[in-house]
Amino acid sequence: MKNLFKSSLLIFAILITNVSFAKDVDPSFKIKLIETKLIHLTMNGNGKLVEVSVKDSNGEIIYSEKSENFDISKKYDLKLLPKGSYFMEIESPTKIKVIPFKVLFKTIDLKEEDEVTYYKPTVRKEGTDVFISKLALNNENLEIFLYDVDSNILFTEKLEGNAILKRKLNLMNLNSGDYNLVLRSNGKIFYETIKL
């Protein structure tokens, strides 16, 4: 019983450490409707670059700004937007939060339960091995493309069906030089240059 208690405490301590580390790395934010067409965004940026944008239903950017402040408290007046569907996108170093909202005649329909968080893929290189991973909690896919400097495709694969998508590429047989890794997920494209 004593060992079980110690094990439980150890697991709890590890979980708390991981949550604390994640909070230190990535900004936290809260968005709420404070008046009929006024949205309030509060954010602890933790000194990380954060991009906030408002897009229409076609994905066209209506407004965009970047910030590296530690604390942000900003109001967005949306009364000039025509009626329709929009979304606010908050992009940090590791994730993208999408907050859909509708502009109605007199107010904004903004529901916290409609928010979705997508995690960005990560790339790590060790020698000639390239490790690609993505947390896919919303069952999203990850498409991987590897190109040489002449834009010839050397590798392509679509990962799907798991909460954690991962692939290891061994580039041992490639010549020295630069290669372009393109990762596509959730309508976003991420670029990485691989140097051998």
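Could you tell me which residue of region 132-150 is farthest from residue 194 (Cα to Cα), considering only residues that are open to solvent by 60 Å² or more (accessible area, probe 1.4 Å) and of a type in the set (A, V, I, L, M, F, W, C)?
137
For region 141-163, which positions are among the polar types (S, T, N, Q) and under 25 Å from residue 94 (Cα atoms)?
Those that are among the polar types (S, T, N, Q) and under 25 Å from residue 94 (Cα atoms): 141, 156, 162.
Of the residues that make up region 55-65, is at least one surrounded by 12 or more Cβ atoms within 10 Å (Cβ to Cβ) and more than 17 Å from residue 101 (Cα to Cα)?
no
Before we move on, is residue 129 open to solvent by 50 Å² or more (accessible area, probe 1.4 Å) and on the phi < 0 side of the Ramachandran plot?
No.
So that you can scan it fast, the table gives a plain yes or no per residue for (1) acidic (Asp, Glu); (2) assigned to a loop (DSSP other than H, G, I, E, B); (3) under 19 Å from the mean Cα position of the chain (by Cα):
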position	(1), (2), (3)
143	yes, no, yes
154	no, no, no
157	yes, no, no
168	no, no, no
176	no, yes, no
183	no, no, yes
194	no, no, no
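Which residues, counting only those in region 164-193, are exposed (fewer than 15 other Cβ atoms within 10 Å of the Cβ) and more than 20 Å from residue 93 (Cα to Cα)?
Of everything in region 164-193, those that are exposed (fewer than 15 other Cβ atoms within 10 Å of the Cβ) and more than 20 Å from residue 93 (Cα to Cα) turn out to be 168, 170, 172, 173, 175, 176, 177, 178.
Of all residues in region 110-158, which are among the basic types (Lys, Arg), farther than 25 Å from residue 85 by Cα and touching a residue at least 40 places away in the same chain (Cβ under 8 Å)?
125, 134
Please specify each residue of region 66-115 satisfying the condition of being in a strand (DSSP E or B), open to solvent by 60 Å² or more (accessible area, probe 1.4 Å) and more than 12 Å from residue 29 (Cβ to Cβ).
66, 75, 77, 102
Condition test on residue 33, is it surrounded by 13 or more Cβ atoms within 10 Å (Cβ to Cβ), assigned to a loop (DSSP other than H, G, I, E, B) and more than 21 Å from the chain's Cα centre (by Cα)?
no
Restricting to region 66-110, what's the tally of residues that are under 18 Å from residue 40 (Cβ atoms) and among the small types (Gly, Ala, Ser)?
2
Among the residues of region 151-176, write down those that are more than 15 Å from residue 194 (Cβ to Cβ) and not β-branched (Val, Ile, Thr).
157, 158, 159, 160, 161, 162, 163, 165, 166
Looking at region 173-180, is at least one residue under 27 Å from residue 97 (Cα atoms) and of a type outside the set (Gly, Ala, Ser)?
Yes: region 173-180 contains one or more residues that are under 27 Å from residue 97 (Cα atoms) and of a type outside the set (Gly, Ala, Ser).
The values are calculated or read from the model by the stated rules, or taken from the named source; none is laboratory data. These numbers were taken from a predicted model, which means no experiment stands behind them. Because the Cβ atoms are built from the backbone with ideal geometry, glycine has one as well, and the counts that use them run over all protein chains shown. Heads up: the accessible areas ignore ligands, DNA and RNA and are worked out on the full protein's heavy atoms, side chains in. Shrake-Rupley method; radii C 1.70, N 1.55, O 1.52, S 1.80 Å.
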